[in-house]
Structures are given as structure tokens and as C-alpha cells.
Amino acid sequence: SYAIDNQSTVTPLLSQMQASNIGQTIVDLSAFVNRYYTTTGGVNGSNWIRDKWLALANGRSNVTVEQFTHAGFPQKSVIMTMQGSDNASEVVVLGGHLDSINTAGTSETTKAPGADDDASGIASLTEAIRVMLASNYQPRRTIKFIAYAAEEVGLKGSAEIAKKFKTDGVKVIGVMQLDMTNYKGSAKDIYLYTDYTNAAQNSFVSNLITTYQPTLTIGSDTCGYGCSDHASWHAQGFPTSMPFETAMRESNPKIHGTGDTYANMGSQANHALKFGRLATSFAVELGSDGP
Ligand SMILES: N[C@H](Cc1ccc(I)cc1)C(=O)NO
Ligand SMILES: [Zn+2]
Ligand SMILES: [Zn+2]
């Protein structure tokens, strides 16, 4: 059962989260000419996230940051692990993708800022990490934050990682994917996608929103295909949820081109903050359960 019973821990964390921090991470990540999975920018973008998350970990003994080397392409995924205490064998996963794409070209100099897709998701997760570590939160389950490589070219990074977790018999309790969190294109605030996800976990996520962000409105929709990395985990039989920024038909028209910029989202990250707070509540409520 998905009990929501950690208000005294979660509520203070949510109030510490700031849209300005999320915005700065979006600006920094979208400053790379591109983050395509085969270019220098793509390798540098991965290293930037590794360094950023390492700085947030700043020597916490039970927090590690590693890069996952993929077969067949140079861009690495980044995995931060917050080791659990007395229920560490059970793992909670939250992810977004670090790569970007411009469908017009794949060269070293092709511009693909990917501010919404998916710097926004990485930035939402990074602000969750910041407040959880700053408050010295110690989970009972293990929590893994993953910045996936090569999502845009067929979910390659998450497919390899999800397969390895399955092969290694890792007990993944649940997975949340944040892909595009900052373009407010629809009437409602958070849209829970129902295909390639788990219905029971989606109900839990909906309850997290009504409990911790009661002014927000919730919609639902379907992608119709494996539209982000949650589909890789779903394929391995793990429960996933994909809270998304808009309804399908109103999705950000600027993605996958030079126009996917922070400026084109109003140079603010108020929408992404909702997703960062949802990620924090998901991580702490699931992470705090004992064996
Ligand atoms: N296809 C997805 C973007 C995407 C995801 C969901 C919806 I609805 C519309 C668009 C992608 O490019 N992810 O990186
Ligand atoms: Zn995309
Ligand atoms: Zn994406």
C-alpha cells in the first residue's frame, strides 16, 4: 500500500525548494551547444551533471555519484545513490534524460539547447536532491536519481540500465520519470500518463499531489508509444509513473529544435517547481518505508 505518512519530513523540504535554482540549472544545461549522445557537448553535459550532483553530495558517506558507461556510444548516464538504512535492498528510482536533439542535424555544432526537453526534468530532480541532502535526510530504502543518456534516439540509456537492474535482481519498488516539466501549455498543472505506467502507483502519485500540493489540478492522457524512459522500466516489469507538463495535444511545439530555450518558457521555472516538489514527495514517502 502506498501510505502517505511522512508529512513532518516532506512539508519542510517542499518549502525550501526554489524555482530560481531550477531555472539556473536549466540555463546552465541548455548552454551546451547540444547534448546529443555522440557529440562532445553530449559528453560534457553528462560530466556537468556528475560534477553538480557530486558537489551536492559533498562527502556524505552514504551518497555516491557514478557514471554508467554505455556500450556503443560515448555519452554516459549519471546515477546518484542515496544508500538506505534498514531497508536498503529495496530501491526507488527517479529519472530524467540528459541528452538533447535537434531533428535538423546531429553535428558537433548543431544547436539543441533542450531547455524543456529535458533540462527541465534534470533541474527539477536536482532541486529535489539539493533539499533532501541539505536537510540530511536518511532514507530507509535506497533512492537512485538517474540522468539517462541517449533517450532521444530510442531510450538507449534507460533500456540498458533497466535491463541490468532486472538481470541483477534489483528490487525496484517504483520509478518516476520527469521528461519536460517547465512548459505550461495546458489548463491543468500535472498530467499523469496512463500508458506504459502502473495504475496503482499513478493513484499514489495523484494522492501525493492532493496531499502536498492541494492547489494543483491533475489531468491524465496517453502517449500512444514509449514516449520516454519510463517505458524502459515498464518493459522490465517495474511500476512506473510519468507526470508530464501538458496534455498530449498541447505539448511544447519548440522541442527538438533551436527554439527549445529557457527564454521561450518565459525565463522562469514555476511549472518545473511543481514537478520537483512531486519528485521530492515521491522519493521521501517511498524512501521512508521500512522492510
Ligand atoms: N517524444 C518525447 C516528447 C514528448 C513526450 C510526451 C508527449 I504527450 C509529447 C512529446 C520526447 O521527445 N522525449 O524526449
Ligand atoms: Zn525529446
Ligand atoms: Zn524528453
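The values are calculated or read from the model by the stated rules, or taken from the named source; none is laboratory data. Nothing here was measured: the structure is a model prediction, and the numbers come from that model. All Cβ positions, glycine included, derive from the backbone under ideal geometry; neighbour counts span all protein chains shown.
For the stretch 228-238, which positions are surrounded by 21 or more Cβ atoms within 10 Å (Cβ to Cβ) and part of a loop (DSSP other than H, G, I, E, B)?
228, 229, 238
Of all residues in the stretch 95-121, which are charged (D, E, K, R), in contact with a strand residue (DSSP E or B) (Cβ under 7 Å, 6 or more places away or on another chain) and either more than 8 Å from ligand 3 (Cβ to nearest atom) or within 10 Å of residue 258 (Cα to Cα) (or both)? Break it down into steps so the answer makes sense when it comes.
Residues of the stretch 95-121 charged (D, E, K, R): 99, 108, 111, 116-118.
Pick out the ones that are also in contact with a strand residue (DSSP E or B) (Cβ under 7 Å, 6 or more places away or on another chain) and you get 111, 118.
Across the stretch 95-121, the qualifying residue is only 111.
Can you report the number of residues in the stretch 102-147 which are within 16 Å of ligand 1 (Cβ to nearest atom), crowded, with 24+ Cβ neighbours inside 10 Å and not β-branched (Val, Ile, Thr)?
Result for the stretch 102-147: 14.
State yes or no: is residue 258 touching a Pro at 6+ places or on another chain (Cβ under 8 Å), assigned to a loop (DSSP other than H, G, I, E, B) and within 16 Å of ligand 2 (Cβ to nearest atom)?
Working: touching a Pro at 6+ places or on another chain (Cβ under 8 Å): yes; assigned to a loop (DSSP other than H, G, I, E, B): yes; within 16 Å of ligand 2 (Cβ to nearest atom): yes.
For residue 258, the condition - touching a Pro at 6+ places or on another chain (Cβ under 8 Å), assigned to a loop (DSSP other than H, G, I, E, B) and within 16 Å of ligand 2 (Cβ to nearest atom) - is met.
Quick check on residue 256: is it crowded, with 17+ Cβ neighbours inside 10 Å and in contact with a Phe, Trp or Tyr (Cβ under 8 Å, 6 or more places away or on another chain)? Walk me through how you get there before you give the answer.
Working: crowded, with 17+ Cβ neighbours inside 10 Å: yes; in contact with a Phe, Trp or Tyr (Cβ under 8 Å, 6 or more places away or on another chain): no.
Here the answer is no, as residue 256 does not meet what is asked.
Could you list, in sequence order, all residues of the stretch 155-196 that are more than 12 Å from ligand 1 (Cβ to nearest atom) and either closer than 22 Å to residue 272 by Cα or in a strand (DSSP E or B) (or both)?
Correct list: 171, 172, 173, 174, 175, 176, 182, 184, 187, 188, 189, 190.
Return yes when residue 154 is among the small types (Gly, Ala, Ser), within 13 Å of ligand 3 (Cβ to nearest atom) and free of Cβ contacts under 8 Å to residues at least 60 places away in the same chain and no when it is not.
Numbers: among the small types (Gly, Ala, Ser): yes; within 13 Å of ligand 3 (Cβ to nearest atom): yes; free of Cβ contacts under 8 Å to residues at least 60 places away in the same chain: yes.
Yes: the conditions hold for residue 154.
Of (1) away from ligand 1 (no atom under 16 Å from the Cβ); (2) crowded, with 20+ Cβ neighbours inside 10 Å, residue 67 satisfies all except one. Which?
(2)
For (1) under 13 Å from residue 179 (Cα atoms); (2) touching a Pro at 6+ places or on another chain (Cβ under 6 Å); (3) basic (Lys, Arg), each residue gets a yes or a no:
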site	(1), (2), (3)
245	yes, no, no
254	no, no, yes
263	no, no, no
276	yes, no, no
281	no, no, no
285	no, no, no
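Please work out if residue 99 is crowded, with 24+ Cβ neighbours inside 10 Å, out of contact with any Gly (no Cβ under 7 Å at 6 or more places or on another chain), within 24 Å of residue 39 (Cβ to Cβ) and of a type in the set (D, E, K, R). I'd like the intermediate steps shown before the answer.
Values: crowded, with 24+ Cβ neighbours inside 10 Å: yes; out of contact with any Gly (no Cβ under 7 Å at 6 or more places or on another chain): no; within 24 Å of residue 39 (Cβ to Cβ): yes; of a type in the set (D, E, K, R): yes.
No, not satisfied.
In this structure, is residue 81 more than 16 Å from ligand 2 (Cβ to nearest atom), over 24 Å from residue 7 (Cα atoms) and not aromatic (Phe, Trp, Tyr)? If you could, list the steps in order and put the result at the bottom.
Details: more than 16 Å from ligand 2 (Cβ to nearest atom): yes; over 24 Å from residue 7 (Cα atoms): no; not aromatic (Phe, Trp, Tyr): yes.
No; evaluated as a whole, the condition is false for this residue.
If only one of 173, 190 is within 18 Å of residue 95 (Cα to Cα) and crowded, with 21+ Cβ neighbours inside 10 Å, which one is it?
Details: 173 fails: crowded, with 21+ Cβ neighbours inside 10 Å.
Residue meeting the stated conditions: 190.
Please work out if residue 196 is without any contact (Cβ under 8 Å) to a residue 60 or more places away in the chain and surrounded by 19 or more Cβ atoms within 10 Å (Cβ to Cβ).
On the way: without any contact (Cβ under 8 Å) to a residue 60 or more places away in the chain: yes; surrounded by 19 or more Cβ atoms within 10 Å (Cβ to Cβ): yes.
Judged against the criteria, residue 196 is a match.
Using beta carbons and a limit of 9 Å, which pairs, at least six apart or on different chains, have the first residue in the stretch 215-239 and at positive phi and the second one in a helix (DSSP H, G or I) and at pLDDT 95 or above?
Short answer, once both residue conditions are applied: 224/248; 237/166.
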